[in-house]
Structure formats: structure tokens, C-alpha cells
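Worksheet: one structure, shown below.
The values are calculated or read from the model by the stated rules, or taken from the named source; none is laboratory data. In this text the structure is predicted, and so the values were computed from the model without any measurement. Virtual Cβ from ideal backbone geometry, glycine too; neighbours counted across all protein chains shown.
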4 protein chains.
Amino acid sequence: MSEPVANFEDVEHTPQRLERARTTHGDERRRSLVLAAYDLIAEKGFEDLRTRDVAMRAGVNIATLHYYFASKEDLIDGVVDYLLDLFSSEASRDLQLDFSTPLGHLQAMFRNTVYRMRTMPKMFVVLGELVMRSQRHPELEGAMRRMDEQWMHYLGWILTEGVAQGQFRADLDLETTAKKIIVVVKGVTFSYVWSRQEVDFEGMLQIVERLVLPEPGQGEL
Amino acid sequence: MSEPVANFEDVEHTPQRLERARTTHGDERRRSLVLAAYDLIAEKGFEDLRTRDVAMRAGVNIATLHYYFASKEDLIDGVVDYLLDLFSSEASRDLQLDFSTPLGHLQAMFRNTVYRMRTMPKMFVVLGELVMRSQRHPELEGAMRRMDEQWMHYLGWILTEGVAQGQFRADLDLETTAKKIIVVVKGVTFSYVWSRQEVDFEGMLQIVERLVLPEPGQGEL
Amino acid sequence: MSEPVANFEDVEHTPQRLERARTTHGDERRRSLVLAAYDLIAEKGFEDLRTRDVAMRAGVNIATLHYYFASKEDLIDGVVDYLLDLFSSEASRDLQLDFSTPLGHLQAMFRNTVYRMRTMPKMFVVLGELVMRSQRHPELEGAMRRMDEQWMHYLGWILTEGVAQGQFRADLDLETTAKKIIVVVKGVTFSYVWSRQEVDFEGMLQIVERLVLPEPGQGEL
Amino acid sequence: MSEPVANFEDVEHTPQRLERARTTHGDERRRSLVLAAYDLIAEKGFEDLRTRDVAMRAGVNIATLHYYFASKEDLIDGVVDYLLDLFSSEASRDLQLDFSTPLGHLQAMFRNTVYRMRTMPKMFVVLGELVMRSQRHPELEGAMRRMDEQWMHYLGWILTEGVAQGQFRADLDLETTAKKIIVVVKGVTFSYVWSRQEVDFEGMLQIVERLVLPEPGQGEL
DNA sequence: TATGAATGAGTTTTCATTCAT
DNA sequence: GATGAATGAAAACTCATTCAT
């Protein structure tokens, strides 16, 4: 199996490993401010996000925040970058995900999402806030669209591989199917944010599997 | 077919018909303020919702707004009520939906959603804003949860009828299936808000139908 | 003697007389804020002009200032208008100025300026501040230029009349002479602001008179 | 002709010649900061003068500025000294001014001013800013007054010499005439700053000459 | 000497809310 | 009912200044 051109779960290098060594004091301060903003967006939403609170949580003066970020909007851009990094970061090794087959990738996508919902629920709330904010902020809309496209790209690769390897049904419409899968994963995500109650991920995964795998009876023909 | 205890599409009475007669001038003012707020939430989100803008759009003085609504929060409550009314209002007759069978109900739910996305897209943006706001406003969380429960109830009724009438597969797990359907519909909704591009509703409906209908090959045995 | 087309000392209608009756409460508030700003500019210059101080001096809340003036710049515009009105307002009747001849007009211009320096010295300080500010504010530069032009216009009329009536020398170059007179009056003004000590106005007036009146010896020929 | 006690055009030694040898790196830094401040005062006025901008224009860190100047006020003092130096610096040799007679000195004063307006207009804008600032800064008022006194002193010397040498009219009131001349030169300066348009310097010079020179007709008697 | 980092005190401006009329 | 006027509290952002290195 060839490497994916773009892997949604691993599109960018994990910054921690490559840059940690060269992280300056300023970078750390910036990051701590971004993290404070990220937390506060998750807790209060953009509606009640106050730079003063962000600075306080990061343990610095409000003027210090403006030393690192020209404006509130600039700080939010930092949060967006951080969230995008988070989403495209590698899945935890603890999950022992099996990436050896296309179906494995599909399952990994679901299970990694479940894992993240349990371990880092803020991520999805902040994502929701950003999606809503993207309604009125064109540059954010662009970022969201790109996130979508990377996702589509990754799914396209999985499906192509699955069909090529004969694991998925031969008559699969790549684009249509990828879109459907994304709708399902977004449904899972949004349902979680909406009702805070766990969704039957495995059940939803089965739905997706039924979409891509050959029908059992058919195989016998 | 017995009447559903609660019909998601028609849970509450259409206010127009029953109350129009008694609608006072004050009610109209309140409504025009709520509508202005609703529009502005769709356009600017809660983040940039200003009572002064609401008053201006409604064509009244800011003090007048406070004559009708004790506070901004009170006005938002009005918007929530309005949105809940909208969601539970009857589907347009133009759609010529067929409510004669359980499957018809299911299809109607999808097609009505599609229709609303096309004709009243603000509704879904405001819904998204409210879902995000419910993260930090317990009373709103309650409203969202109740919306969910009504929906579950309605779907429960459809599925029960479908099984009883033999239209749906006999081994259907009512609660699990209802939840899955809701996840799919929420996925459709959220995808629309996320990427602004139309979703393949009919394709998603087929997925749901496959969930509830007996498997073609199996029925013949 | 025909009426001047534009009289620098009386270009605009005295607003007090015509509009006093219709002065609303809001107009008074606006005016008191402008007056407070005017005083503070005279005392502290634009460098140390603070809206908070203006509001305090006018006896209102800082938010009230913004109820009447959209911004600090807007308030300053109000001060500019006020100063322009002041400069083009009629001379005090107490001065018993003689406007019956062109020379009388010229003398009146000087004596009215002297009178104003003694009774309303702030006027000249604020004018100086505005002239300096006009270096970097094009719209203000326009206002200053217009002030100059009105002045030129009035002087042009005086000189024309003086020549026509034979009171001034026949070979007078109108534009050049008017400009020289303005330079002298500006010199008087600026000297006053510079050194705070009284200038020999009558001596300066004599210089001007020597410019326009026929030379004594020449008349005899 | 004896040397003037104080020569307005050359009151202080040109610092370049005498101190260049001992100019340290620190002096250069101070000077570059003063020059940057001078430029920015001319461009933005005291109202919008920011130490950070000064440091940036001088190409140093804001903290470096405070290493050389204890405070913003201290830096401005440096600018005042610089401007005073500029004003009392020798006239350009290119002008080929004739200082051999008292009238020559008078003409040189005017022509040097014209030359400076053309070649270094910032000087007059900064001067205007300082004059306005002196309204509220007593120590600056003192500096402005001293500048005036030096000027008076120089003019006093010119006039005394002129009368003694018989070039100027014998009945000249020294103080009154010196003051009048200063008012005229200030008028020229202020007019330039006010309206940005060139003034008829030669015409103004003639007015001054008429003040000091014997009347043509009278001499013949 | 020089500076990156940090901040206290302030700056203009905003906003939901109140109140007399 | 409706509103013009008014405001306390807070918002984002600024700025001269300090200090450890």
C-alpha cells in the first residue's frame, strides 16, 4: 500500500518533536496565550471571550497579550492555527489503531474521533464555535473549507485504495461516498456537542462500512 | 394508523391560526423585535448581537425594546421560543408530502429539512448558534434537550408503527435506530452550515431507509 | 458705499439671534461640550486634550459625550465650527467702530483684533493649535484656507472701495496689498501667542495705513 | 563696524566644528534620536508624537531611547536645543549675503528666512509646535522668550549701528522699531505655516526698509 | 550599551440598561 | 406606550517607562 498523498490525521509534521528544541521564550508565551484563549472559547464561546480574561488565565498583563498579538482577531487566528494543528495531529499510539488496510483507516478515523471526544472534548466545542464564526468571517470560512478539502482528500485516498485492493466494492462513487462519510462523522460530532450524550459510534461506523464494503450476498455470486 | 403522541413536525399549534384574533399591538411589537433579533443572530451571531441594532431593525427606540423585554437575555428567550415554533411548525403543503405510511413520515422529515434549508437557511444558522450557546446556558441546554426528546419521541412513534405495520424490519432496535437517524439528520444540517454546499439528501435518506427497511434478499426467503 | 459681498467680520448670520428661540436641550448640551473642549484645547493643546476631561468639565458622563459626538474627531469638528463662527461674528458695539469709510473698516479690523486679544485670548491660542493641526489634517487645512479666502475677499472689497472713493492710493495692487495686510495681522496674532506680551497695534496699523493711503507729499502735487 | 554683542544668526558656536573631534558614539545616538524626534514632530505634531516611533525611525529599540533620554520630556528638550541651534546657526554661504552694512544685516535676516523656508520647511513647523507648546510648559516659554530677546538684541544692535552710521533715520525708536520688525518676520513665518503658500518676502522687506530708512523726499530738503 | 519583554495607568469607544417625560 | 437622554461598567487597545540580561 502506497503512502497517502495527504493524510488527514497526519498532514503536517508534529510540531512538538521537530521544533521543541528551538522553542524560544516568546514562542512559549504566545502558545500559553493561545491555549488560554482556546480554553476560554470552549468555556464561554466567542460571545463572552474577553482578552482580559485570556491574559489573566495565561498569568500575564493585558498589555503583554498585545505585545504578542496585535489584536484580539490576531489571537483568534492563533487559536485557529492551533485547532487545525490539533485536528491534523497524529492519533494517540495508545489506541493501537490498525492502519494496514483501507478499512483500518476508516475505522481509525472513527475511533480516533471517539477517543478525542472522550479525552479532549473542548476541541469539538471550539470547532463548533469556529464553524459558526466562519458564517461571518470569510477568512475563517476559507480555513474551514480547506479543512474539509483535506478530509475529502484523505477519504478519497482511502476509498481509492480500498477499491484498488478489492476490499471495497468496485462500483463505489468516490466523491459521493466520501461526502456521505463526512456527513456521518460531522453528525456524530455535532450530536455530541448538541446533546452532550455519547453517540453509538460503532453503530455509525457499521453504517459507513455497509456503504463501502461489498454486500455479503453479492460476493457469492 | 393511530395519531402520534407528539409529532415533531406539528408538536405545537400553529400560533397564527389560533391566536391571530387576539393578537394585540403589543404582541406584534414583541414579534417584530424577536424577528429582528432572529435575523441579526443569523447574520452576526451572538458574538455581535447588539440590542441597539435589534431595535433599529425593528424600527423602534432602544428603550422601547426594553419596554417589551426586560433584558437582552429575555429577548433571546423570545428568539428561542420562535425557533422552536418554527421547527415544530407544519411542513409546507407545496411539498405534497405523503404522511400515509411510516416510511412516508421518514421521507417527509428529510424532504422537509431540505426544503427548509433552501427556503429558510437562517433557521439552521440560528439553530447552530443556539446549540453552541447551550454549552454555557443551562436553561438553553434544557430547551435543546427537549427538542431532541420530542424528535426522539416522534421517531419512536414512526418506527413503532413501521414495525407494527410490517413496513420496517421486525428486529429493529427502536431507540438505537432513532438515535442513528437523528445523527444523520444532524450531520446533514451541520454539514450545510459548515461548508455551505448542498448535501446529497436523497443519498443520506437511502442510508436511513436501508437502516429500517427489511433487506431485499431476506424478505423473499 | 455699497454693501460688501462678503464681510469678514459679519460673513454669517449671528446664530444667537436667529436660532436662539428654537435651541433645544440637545443643542445646549452639544454646545456646552464644544465650549468645554474649546477651553481645554486653549489650556492644554491637542496634545493633552482628553475626552474624559471635556465630559467632566461639561458636567456629564463620558458616555454622554459620545451620545452627542460620534468620536473625539467629531467633537473637534464642532470646536472648529465654533471658532469659525467666533471669528466671523460681529465686532462688539462697545468698540464704537466706524465702518463708514474703507479706512474705517481697516482700522476696525485691527481694533477689533486688539479687543478680542484682550477679552478672549483663548481664541487665538485655539486658532494657533488649529493652524498647527491643519498641517496634518487635510480637512482642517481646507477650513483654514477658506478662512484665509474670506479674509482676502473682505480686504479686497475694502481696498477696491478705498481706491474707488479716492481714499486709497490709485496705484494699489489689490491682491498684493491684501496679502501684506494679512501677513501683518497674522504677525500681530502670532507674536501675541508667542511672547504673550502686547504688541504695538496702533504702530502696526500705521504701517498698514502707509501701505494704502496716498503719500502725503504726493497729494500736494 | 564693531562686532555685535549677540548675533542672532550666529549666537552660538556651530557645534560641528568645535565638538566634532570629541563626538562619541553616544553623542551620535543621542543626535540621531533627536533628529528622528524633530522629524516626527514636524510630521505629526506633539499630539501624535510617540517615543516608539522615534526609536523606530532612529533604528533603535525603545529601551535604548530611554537609555539616552530619561523621559519623553527629556527628549523633547533635546529637540528644543537642536532647533535653537538651527535658528542661530550661520546663514548658508551660498546666499552670498552682504553683512557689511546695517541694512545688509536686515536684508540678510529676511533672505535667510526665505531660504530656510524653501530648504528646511520642517524648521518652521517645529517652531510653531514649540510656540504652541510653550503656552503650557513654562520652561519652554522661557526658551521662546530668550529666543525673542536674542533676536531683539541683535536687531537693537543693527538699528543702533544704522542710526550711528547715518544709514537709518535719526529719529528711530529702537525698541519700538525692533518689535515691529519682529512682528513682520513672525507674520511671514506664521503665514507660511498657515497657508503653505509663499509670501511676498521682498514686499515685506520693503515695508521694513521704509520703517528704518530716511524718507526719500525729506532727505532732499 | 542595547534590547526583548513586560506592565500600570490610561485612552477612546461601546453597550445594556434606566428614567423622566 | 414610546422615547430622548443619560450613564456605569467594561471593552479593546496604547504608551511611556522599567528591568533583567
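Points to keep in mind about this one:
- A:TRP157 within 9 Å of another protein chain (Cβ to nearest Cβ), assigned to a helix (DSSP H, G or I) and surrounded by 18 or more Cβ atoms within 10 Å (Cβ to Cβ): no
- B:LEU106 fulfils the conditions (1) within 14 Å of chain A (Cβ to nearest Cβ); (2) at pLDDT 95 or above; (3) more than 16 Å from DNA strand F (Cβ to nearest atom) except for a single criterion, (1).
- Some residue of segment B:52-61 being closer than 19 Å to A:MET132 by Cα and in a helix (DSSP H, G or I): no
- Test: residue in segment A:26-38 that is more than 21 Å from the chain's Cα centre (by Cα) and modelled with pLDDT under 90: yes
- Flag if A:ARG57 is surrounded by 14 or more Cβ atoms within 10 Å (Cβ to Cβ), away from DNA strand F (no atom under 14 Å from the Cβ) and not polar (S, T, N, Q): no
- Boolean, D:GLN150 is within 30 Å of D:ASP74 (Cβ to Cβ) and at pLDDT below 95: yes
- Options D:TYR82, D:TYR68: the member that is closer than 22 Å to D:ARG30 by Cβ, at pLDDT 95 or above, within 16 Å of DNA strand F (Cβ to nearest atom) and not hydrophobic (A, V, I, L, M, F, W, C): D:TYR68
- As a summary of the residue check, B:ALA91 satisfies the conditions (1) away from DNA strand F (no atom under 16 Å from the Cβ); (2) small (Gly, Ala, Ser); (3) farther than 25 Å from B:ARG196 by Cβ except for the one numbered (3).
- Residues located in segment A:108-144, provided they are β-branched (Val, Ile, Thr) and touching a residue at least 60 places away in the same chain (Cβ under 8 Å): A:THR113, A:VAL114, A:VAL125, A:VAL126
- Subset of segment B:193-221 [more than 7 Å from chain A (Cβ to nearest Cβ), assigned to a loop (DSSP other than H, G, I, E, B) and either at pLDDT 90 or above or in contact with a helix residue (DSSP H, G or I) (Cβ under 9 Å, 6 or more places away or on another chain) (or both)]: B:ARG196, B:GLN197, B:GLU198, B:LEU213, B:PRO214, B:GLU215
- Each residue in segment A:52-68 was checked for being within 11 Å of DNA strand E (Cβ to nearest atom) and within 14 Å of chain B (Cβ to nearest Cβ), and 0 of them qualify.
- The residues of segment A:108-139 that are in a loop (DSSP other than H, G, I, E, B) and more than 13 Å from the chain's Cα centre (by Cα), listed by number, are A:SER134, A:GLN135, A:ARG136, A:HIS137.
- Selection count where residues are more than 13 Å from the chain's Cα centre (by Cα), in contact (Cβ under 8 Å) with a residue 40 or more places away in the chain and assigned to a helix (DSSP H, G or I), scope segment B:78-107: 7
- Pair list, Cβ under 7 Å, 6 or more apart: segment D:165-192 residue more than 9 Å from chain C (Cβ to nearest Cβ) and touching a residue at least 40 places away in the same chain (Cβ under 8 Å), other residue among the polar types (S, T, N, Q) and not in a helix (DSSP H, G or I): D:GLN167/D:THR101
- B:THR101 passes every criterion in (1) on the phi > 0 side of the Ramachandran plot; (2) surrounded by fewer than 18 Cβ atoms within 10 Å (Cβ to Cβ) apart from (1).
- B:SER92 being exposed (fewer than 13 other Cβ atoms within 10 Å of the Cβ) and at pLDDT 95 or above: no
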